[in-house]
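Read-outs: derived from the displayed coordinates by stated rules, not from any lab. Because the structure is predicted, anything quoted here is derived from the model rather than measured. When we count neighbours, we look across all protein chains shown, and the Cβ atoms used for this are built from the backbone with ideal geometry, even at glycine.
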Amino acid sequence: MTAPAPSLSEVLARPDVWRGGDFARVTAEPSGHAELDRRLPGGGWPVGALTELFPEAQGIGEMQLVLPWIARLTQAGGRVAMVDPPHLPFAPALAQAGIVLSRLLLVRPQSEDGGLWATEQILRAGSCGAVLAWPGRLGAVELKRFQLAAETGKTTALLFREPRAAAEFSPAALRLKLTARPGGLRIDIFKCRGGTPAAVDVLLPALAANG
């Protein structure tokens, strides 16, 4: 026999179903940038979900964008994992930004598949408050697995991806295009669970060196 179709209320109660404007359902961590947080549902990076960042080029300030958030998490005793960053993080700059270095986990996989596996396992385990990852090419299957793992571990996940990937489908709750501006970034919010797409300029703190 065919199972009865679920009711509308049952469908809307699922965590993977959302409606535009439903701000109350978004749990978030403040990014540390007040102007950005005012534009994001819940006031920051969504918890238990994927956020995708698409910088127009490496080194335009994408790390400075997330440093205040990482600093707050590590100062509160949380752990942050960084999976396969393109450059070795510069410890003095991270410490200057207020990050507790002993709370950072740097993962250097030996292969692209190893990086995907490590990202999913850390998200699912829930042992880190946040996971920052720089994956290569991702398909719909890998993104869905990441999303389910983030939900299971109630972990905030930020994926740094190439600009061309912004045109692809993604289950991510939040997707941002980053463009360099004098002293900061232009952030185009082109997908936003529970909110309205918008654009905002964020000024970034000056650091002695890039992380």
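Quick notes on this structure:
- Label-point gap, in nm, between Gln96 and Arg181 - each point 7 angstrom along Cα→Cβ: 2.4 nm
- Three-way shape label, region 144-185, alpha-carbon gyration tensor, a/c 1.5: oblate
- Relative intensity, log₁₀ I(q)/I(0), of region 26-210 from a Debye sum that treats every alpha carbon as a point, q = 0.14, 0.16, 0.19 Å⁻¹: -0.71, -0.97, -1.48
- The stretch between Val141 and Ala76, if pulled fully straight at 0.36 nm per residue, gains 20.0 nm over its current Cα-Cα span.
- Only one residue of Trp134, Gly153, Leu174 has its Cα farthest out toward the positive end of the dipole of region 112-184, where Lys and Arg carry +1 and Asp and Glu -1 on Cβ, and that residue is Leu174.
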